Amino acid sequence: MSNAIAKTKGTAQKKKDVIESPWHLAARRLRRNKMAMIGLIFLVAMILICIIGPLISPYGDITAVDILHAKQPPSAAHLLGTDTNGRDIFTRLMLGGRLSLLIGFGATFLEIFIGTFLGCLAGYYGGAVDAVMMRIVDIVMAIPGMPILIMISAIFSDRHVDTGSRIYLLMLILSCIGWVGTCRFIRGQVLTIREMDYMSATEAMGLHDMRKIFKHIMPNVFPLIIVSATLAVGDTILSESTLSYLGVGVLPPYASWGNMVQEGSNMIDFTLHPWMWMPAGFCILATVLCINLLGDGLRDALDPRMVSGK
């Protein structure tokens, strides 16, 4: 019996002695952050509902119009009521979530990719490359983003660009404006990493510059990229919602949370038919809030200065 107990204690001690990888430590810290986990669970649930919900809804036709049932309050047939054209708001809320989340994640992926790549180039090469890149960043940051987005979207309307194409063009434009913050942030990190001993070792080994950047620099800034991307998604969703609310983003018959909130732009619908705009407003508020909670949790979990086990 004593041998068995000693063996069990020895096994437990060996497990304690095993050094956890940084990713395991980060995952453990994230799991202990209750607010971040609430944000993560809500986001996963929202994404699944928006993807699966319209497939099983009997009101999935985005072009359907039923004026006889317009502006009906919530009921058993329509859980969140109907809009001005008699369409089921709950179904359009899920369809709108698809587009708003697609634009949010898609544009963020592009801007993080562009910003990270250019930031690594500027920080690694320095000198003239860094000077030119930072002046471009300064110019782009000096441009008022929202007025430019409104002007470009208005041009799309004048050119009669179809709504399906506008969605992808909107993602591209948002990423072209949003990459500069990531570029400046990553560039500052790379300037520090470039001076470390292991980078001197890569110089002695004669590795190609692109291999140094992709194999040795980017993995070290990857945790920072994750945090930046998480927080940027919320900003992108808000930008898309603002444009759609103003009527220059996603246009009907496609639904987005922004153009659904637009249903409450007149005082009558705002006061007498709150079910037409409040659900979309709540989805924007809750989604952006949970994204920020998750981003804060990831920032704390991936911080290398955190003490192991805390």
| query | What are the residue pairs meeting all of these: first residue in the range 226-238, first residue buried (at least 23 other Cβ atoms within 10 Å of the Cβ), second residue not in a helix (DSSP H, G or I), Cβ atoms under 6 Å, and 6 or more apart or on different chains? | reply | none
| Which residues, taken from the range 239-263, are buried (at least 18 other Cβ atoms within 10 Å of the Cβ), under 21 Å from the mean Cα position of the chain (by Cα) and in a helix (DSSP H, G or I)? | S239, E240, S241, L243, S244, Y245, W257, G258, N259, M260, V261
| said: Considering only the range 142-156, I want to know if a residue exists there that is over 25 Å from the mean Cα position of the chain (by Cα), modelled with pLDDT of 80 or more and within 30 Å of V250 (Cβ to Cβ). | reply: yes
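Does the range 53-76 hold any residues that are among the hydrophobic types (A, V, I, L, M, F, W, C), assigned to a helix (DSSP H, G or I) and either closer than 18 Å to P279 by Cβ or in contact with a Ser or Thr (Cβ under 6 Å, 6 or more places away or on another chain) (or both), and which are they?
Those that are among the hydrophobic types (A, V, I, L, M, F, W, C), assigned to a helix (DSSP H, G or I) and either closer than 18 Å to P279 by Cβ or in contact with a Ser or Thr (Cβ under 6 Å, 6 or more places away or on another chain) (or both): none in the range 53-76.
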| query | Quick one: in the range 78-119, which of the residues that are of a type in the set (S, T, Y) and in a helix (DSSP H, G or I) is surrounded by the fewest Cβ atoms within 10 Å (Cβ to Cβ)? | reply | T91
| Is it the case that the range 261-278 has a residue that's under 27 Å from I38 (Cα atoms) and among the aromatic types (F, W, Y)? | yes
| task | Please verify whether the range 290-302 includes one or more residues that are more than 21 Å from M46 (Cβ to Cβ), part of a loop (DSSP other than H, G, I, E, B) and either out of contact with any Cys (no Cβ under 8 Å at 6 or more places or on another chain) or of a type in the set (G, A, S) (or both). | result | yes
| query | When residues of the range 202-244 are filtered for being within 16 Å of L174 (Cα to Cα) and touching a Ser or Thr at 6+ places or on another chain (Cβ under 8 Å), how many remain? | reply | 11
| query | assigned to a helix (DSSP H, G or I), among the β-branched types (V, I, T) and in contact with a Phe, Trp or Tyr (Cβ under 9 Å, 6 or more places away or on another chain) - does that describe any residue in the range 169-178? | reply | no
| Has the range 187-205 got any residue that is touching a Gly at 6+ places or on another chain (Cβ under 8 Å), outside any helix (DSSP H, G or I) and closer than 16 Å to L121 by Cβ? | yes
| field | Candidate set from the range 76-111 (those that are more than 17 Å from F282 (Cβ to Cβ) and of a type in the set (S, T, Y)); member that is nearest to the chain's Cα centre (by Cα) | value | T108
| Residues of the range 157-188 being closer than 30 Å to P252 by Cβ, over 20 Å from the mean Cα position of the chain (by Cα) and touching a residue at least 60 places away in the same chain (Cβ under 8 Å), which ones? | S157, T163, G164
| message | Give all pairs with beta carbons closer than 6 Å in which a residue from the range 196-217 that is of a type in the set (K, R) meets a residue that is surrounded by 15 or more Cβ atoms within 10 Å (Cβ to Cβ); count only pairs at least 6 apart in sequence or on separate chains. | response | K212/T202
| note | Being under 30 Å from R159 (Cα atoms), under 17 Å from the mean Cα position of the chain (by Cα) and either at pLDDT below 85 or among the aliphatic types (A, V, I, L, M) (or both) narrows I284, I291 down to just I284
| field | Every pair of residues 6+ apart whose Cβ atoms lie under 8 Å, when the first sits in the range 85-101 and is farther than 15 Å from Q72 by Cβ while the second is surrounded by 24 or more Cβ atoms within 10 Å (Cβ to Cβ) and charged (D, E, K, R) | value | S100/E240
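The values are calculated or read from the model by the stated rules, or taken from the named source; none is laboratory data. Computed from a prediction, not measured in an experiment: that's the story for all the values here. Virtual Cβ from ideal backbone geometry, glycine too; neighbours counted across all protein chains shown.
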